[in-house]
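Data first, discussion second: the structure below is written as structure tokens.
The values are calculated or read from the model by the stated rules, or taken from the named source; none is laboratory data. Just so we're clear, the structure is a prediction, and the values are computed from it rather than from any experiment. When we count neighbours, we look across all protein chains shown, and the Cβ atoms used for this are built from the backbone with ideal geometry, even at glycine.
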Amino acid sequence: MSAPSPTSDTSSLFAIAFQSAIGLLGVLLIWLFSTPVSWQGLPAWQAVGWGTVGGLLTFVVLIRLVQSSWLDTPLMQDHMRTLRSFTHSFSWPVLVLLAVLAGVGEELLFRGAVQGWFMGQGWPWVGILVGALIFGLVHYLSWLYCLLATGLGLLLGVTYWLTDSLLLVMVWHGVYDLVAIAYIRRLSDQ
């Protein structure tokens, strides 16, 4: 195995820094706006367990949707090629770290800060919708991919609202990302 090139080290550091910055932005916004964040809705072991189950089930449903005849389009195949290239541009330790940082950071920002602020104003459904729409737009590769990401954001938003557990949706998101990365990387290894 050859040593990583300076370019791959730089892109790994950039990706890690970018995902870390999303989490820091979420923490900063929560602090600046005194947004209440719900952690105590479930005991930690239940949040981790249900988050793991949710992440796995979401992956199964989304992969079935992507493989269905109405979503198996040239556009979606192009997205899969882009994602395969992404998964091969980083080592496994970096991919695992990115999945964890995305789960924690993006949920701090979109569910904790954005949705939490609206929930604190007494507008939970507005918070769920706005958080999900921004989440979808941040993951924009095309209108189709944005729509799928917005749907995932809605699911995570409703789950956060119903359970009062930001930890649950952090685990859910991180597990989903990690399983999706492993699946996409495995596809390209075949």
How many residues of the range 78-95 are surrounded by 16 or more Cβ atoms within 10 Å (Cβ to Cβ) and more than 13 Å from residue 183 (Cα to Cα)? The answer is 3
Checked the range 87-102 for anything within 18 Å of the chain's Cα centre (by Cα), touching a residue at least 24 places away in the same chain (Cβ under 8 Å) and part of a helix (DSSP H, G or I); matches are 87, 94, 95, 96, 97, 98, 99, 100, 101, 102
Read through the list (1) at pLDDT below 95; (2) among the polar types (S, T, N, Q); (3) under 18 Å from the mean Cα position of the chain (by Cα), then give the number of the only condition that residue 77 fails.
(3)
Could you say which residue among 75, 13 is closer than 21 Å to residue 143 by Cβ and surrounded by fewer than 17 Cβ atoms within 10 Å (Cβ to Cβ)?
75
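Every residue, every condition in (1) part of a helix (DSSP H, G or I); (2) among the charged types (D, E, K, R), yes or no:
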| residue | (1), (2) |
| --- | --- |
| 37 | no, no |
| 40 | no, no |
| 61 | yes, no |
| 66 | yes, no |
| 84 | yes, yes |
So residue 71, is it closer than 23 Å to residue 180 by Cβ, in contact (Cβ under 8 Å) with a residue 60 or more places away in the chain and part of a loop (DSSP other than H, G, I, E, B)
yes
